[in-house]
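Enquirer: Below is one structure. I have some questions about it.
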Amino acid sequence: MEFVLTLHSLVRWAVVAVAVVAVVKFALGWARKMKFEKMDNGLTAGFSGLMDLQGALGLIFLLWAGLSTGQLPLYRIEHVIPMVIAVAIAHLPRRWKSAPDAVRFRNTLFCVLGSLALIFVGVASLPQGWFG
């Protein structure tokens, strides 16, 4: 089970890296009134896909650790709640698939930023925080 936890810890950095790229790209696209292109769709899908992977790994670890020890520490519950919401928010950009480009850039930017804020809160709730 240590492998799943290690993988979960490593994937978070991929999520953060893709999120930073997405924030820059979507902010520039919104500010410069660019066209929402295939690369933007790919970046959005990549972010939500990584969030799904991270959420799945987290839930596998949570269930496995909870079932094997018979305990579910409060900090894990405090961690999982904002993370599940962050994953859900990462999928909201699909709702604006047919919206004008400026709306898509703006809304997708705010979804990524919202997910990042919840990720920060969720990781900060862990005893080891970001550096464990």
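Bear in mind that the values in this text are calculations on the coordinates, not laboratory data. This is a predicted model, so every value here is computed, not measured. Here the Cβ positions follow ideal geometry from the backbone for every residue, glycine too, while neighbour counts run over all protein chains shown.
Enquirer: Set the Förster radius R0 to 30 Å, insert the Cβ-Cβ distance between residue 1 and residue 81 as r into 1/(1 + (r/R0)^6), and round the FRET efficiency to 0.05. Kindly include the intermediate steps, with their values, before the conclusion.
Expert: On the way: r = 22 Å, r/R0 = 0.72.
Working from the Cβ atoms, E equals 0.85.
Enquirer: In Å and from the alpha-carbon atoms only, list the Rg and Dmax of region 72-119.
Expert: Computed over the Cα atoms of region 72-119, radius of gyration and Dmax are 13.4, 45 Å.
Enquirer: Among 116, 59, 74, 10, what is the fewest-to-most ranking by other Cβ atoms within 10 Å?
Expert: With the sparsest Cβ surroundings first, the list reads 74, 10, 59, 116.
Enquirer: Here's another thing I want to ask about it. Rounded to the nearest 20 Debye, what is the dipole magnitude of the chain about its Cα centre when Lys and Arg each give +1 and Asp and Glu each give -1 at the C-beta?
Expert: 640
Enquirer: Let me have the 222 nm mean residue ellipticity of the chain computed from DSSP H runs of 4+ only, each contributing -39500 (n - 2.57), with the sum over all residues rounded to the nearest 500.
Expert: -27500 deg cm²/dmol
Enquirer: Return a whole-number percent for the relative contact order of the chain, with Cα pairs under 8 Å and 6 or more residues apart as the contact set.
Expert: 33
Enquirer: Assign one of three labels to the chain, namely rounded, prolate or oblate, based on the Cα gyration tensor with a ≥ b ≥ c the square roots of its eigenvalues; rounded applies when a/c is under 1.5, prolate when it is not and a/b is larger than b/c, and oblate otherwise.
Expert: Note, shape of the chain comes out prolate.
Enquirer: Based only on other Cβ atoms within 10 Å, what is the fewest-to-most ordering of 95, 76, 32?
Expert: Ranked by crowding around the Cβ, least crowded first: 32, 95, 76.
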